[in-house]
Amino acid sequence: MSASSLRSFEYLEGLPGTTFNRLYKQPSTALAIFRRMLPHLAKSFVMALLYISHPMPVTDLEAWVRPDGRRERDNAVNLLERLHILAAATNPGKPRAYALTNPFAASLRLALTGGGNHHSFGVPYSTSEEDTMSITDLDEFARRQWEGVLGYMVGSTGMNIASEGVTLSQGVKILLASGRLVEARGKTVDITKDGFAFILQEVNAQVWTMLILYLQNAESLNMDEVDVLAFLFMLGSLELGLPYSKANLTQTQANMLEDLGDFGIVYQASPDSSYFYPTRLATTLTSDAGGLRSSSFASPADNNRGFIVIETNYRVYAYTSSNLQIAILQLFARLITRYPNMVAGKVTRESIRRAVSMGITSDQIISYLTTHAHPQMAKNQPVLPPTVVDQIRLWQLEGDRMKATVGFLFKDFNSQAEFQAPCRYAEEIGVLVWKHEGQRKFFVTRHEQVAAYLRNKSGKGG
């Protein structure tokens with residue numbers, strides 16, 4: 001599961017079942033979740049159950065999986081249950097069976113076969129030739145708006161990097177602050193640790209992070225959370241370059257257009273227009289395709305050309321003319337000289353300590369330098385000089401001796417065998433942080449799958 005899928009899944013997982021029931025009434029939502037959030041085995045289970053009228057016994061479902069794929073099967077079933085797609089059918093005297101929930105099954109069938117008047121995939125709108133926006137124009141609009149958001153976040157460096165013609169609304173600034181991506185200190189705005197982690201994400205993950213912040217504030221904006229979510233999934237199903245009518249949108253969704261326009265996710269000629277265009281940021285919401293590609297963009301996953309060279313004497317050379325990239329570099333390096341297509345500077349104790357004081361970690365800095373390393377540096381193994389990597393970490397450790405990890409402690413096991421099985425399972429799925437075999441305790445970052453494993457083991461034992 002990609003970073004953006006994981007972020008959206010974590011949000012969906014916390015929703016109540018009644019919200020899922022409303023969400024799944026929209027075929028576009030059912031199709032988006034099926035395409036974007038389910039691994040291949042979970043998709044196979046869904047398709048196996050989609051067109052049968054009776055629940056499938058667990059033994060039949062297990063026959064779809066190789067004997068050595070039990071853990072993968074359990075993970076797939078657990079994921080489907082948490083998304084309220086799969087439910088256990090309990091009939092006295094009959095073996096345990098599974099069935100797809102409704103309205104998910106009905107909506108997915110409708111999405112796959114077509115038909116109906118639900119309009120959940122948008123209604124195309126006819127415009128005059130002079131009002132038509134080209135895909136190039138839409139990409140430029142989306143890039144300009146999104147760079148405006150990122151430019152505001154890293155603007156604390158003192159550089160004037162606001163995108164031309166972009167003025168962020170007060171609502172966007174409040175949203176960034178409420179999500180702790182930036183922190184207001186008097187009249188200045190500083191990027192935070194979470195904000196720098198946001199900068200390091202690929203564009204699609206950045207967009208989903210911002211949209212989830214928007215969803216979390218939907219109630220305070222007097223918006224229906226289900227309407228907001230359904231509209232976002234609908235946007236992911238639209239075709240880039242086509243205009244769509246606003247006539248079939250709810251009031252909540254119509255109000256969203258102006259907010260999403262601030263982020264470059266949709267384009268409107270004016271708030272009173274009868275139509276809107278989804279940009280590439282919108283149409284890639286529910287696909288694995290990248291959002292925007294540009295050498296001036298700050299997202300490492302979308303930036304295929306590295307531009308940073310760092311030497312063993314801590315000198316940094318960045319071959320870029322992007323004010324945004326230069327501003328990000330200035331968060332943790334002291335820049336000395338700027339040329340038309342290059343800046344030169346140095347990573348110093350003071351520059352790293354300043355970055356750490358804003359919440360940026362040494363691992364984030366190292367990750368950024370590695371991801372953006374010049375192609376000539378990228379040939380090295382390791383990419384960055386070990387002395388530089390070690391010194392950056394040491395400079396952080398001077399003022400940071402302890403690291404906190406949020407998670408869950410499992411304890412009070414009756415026997416060593418009872419302790420070892422779930423502990424080993426937690427380690428295999430990558431959530432184990434710490435264990436103490438003598439005290440029969442272990443600590444994990446996520447508890448849902450481990451708890452489900454214990455319940456299944458307990459049920460079979462009984």
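The values are calculated or read from the model by the stated rules, or taken from the named source; none is laboratory data. Because the structure is predicted, anything quoted here is derived from the model rather than measured. All Cβ positions, glycine included, derive from the backbone under ideal geometry; neighbour counts span all protein chains shown. Calculation scope for accessible area: heavy atoms of the full protein, side chains included, ligands and nucleic acids excluded. Shrake-Rupley method; radii C 1.70, N 1.55, O 1.52, S 1.80 Å.
The slack between Asn456 and Asp137, meaning 0.36 nm per residue of separation minus the straight C-alpha distance, is 109.4 nm.
Computed over protein heavy atoms with a 1.4 Å probe, the accessible surface of the range 308-414 works out to 54 Å² per residue.
Tell me which trypsin sites (Lys or Arg not before Pro) from the range 1-71 have a DSSP coil assignment and no more than 13 other beta carbons within 10 Å of their own. Show your work: numbers first, answer last.
Details: sites: Arg7, Arg22, Lys25, Arg35, Arg36, Lys43, Arg70, Arg71; in loops: Lys25.
Listed in order of number, the matching sites amount to none.
Overall, the range 65-111 carries a charge dipole of about 100 debye about its Cα centre when +1 sits on the Cβ of Lys and Arg and -1 on the Cβ of Asp and Glu, all other atoms neutral. Counting only Cβ charges, +1 for Lys and Arg and -1 for Asp and Glu, the dipole size of the chain around its Cα centre is about 1580 debye. Just the number, please: carbon plus sulfur as a percent of the accessible area of the chain, 1.4 Å probe, no ligands or DNA/RNA counted. Exposed carbon and sulfur together represent 49 percent of the surface. Centre-to-centre separation between the Cα atoms of the range 96-151 and those of the range 368-393: 40 Å.
Within the range 371-450, how many Lys pairs sit with Cα atoms under 29 Å apart, leaving out pairs fewer than 8 places apart on the same chain? Don't skip to the answer; put the middle values down first.
Details: Lys403/Lys411; Lys403/Lys435; Lys403/Lys441; Lys411/Lys435; Lys411/Lys441.
Qualifying lysine pairs in the range 371-450: 5.
Bridging of Lys25 to lysines at a Cα separation below 30 Å is possible for Lys43, Lys246, once same-chain residues fewer than 8 apart are set aside. Note on Val433 and Arg70: the extension gain reaches 128.3 nm, defined as 0.36 nm multiplied by sequence separation minus the Cα-Cα distance.
Calculate how many DSSP beta bridges within the chain are antiparallel, expressed in % of all such bridges and rounded to the nearest 5.
Numbers: 34 of 35 bridges.
In the chain, DSSP labels about 95 percent of beta bridges as antiparallel.
Entry comment: accessible area of the range 27-87 is 47 Å² per residue, from protein heavy atoms only and a probe of 1.4 Å. Using only alpha-carbon positions in the chain, the gyration tensor eigenvalues give semi-axes of 40, 34, 18 Å once each is multiplied by 5 and square-rooted (largest first). Rg then Dmax, both in Å and based on the Cα atoms of the range 35-85: 10.6, 30.
In percent, what relative contact order does the chain have, based on Cα pairs under 8 Å that are 6 or more apart in sequence?
Numbers: 636 pairs, mean separation 60.1, N = 462.
Worked out over the chain, it gives 13 percent.
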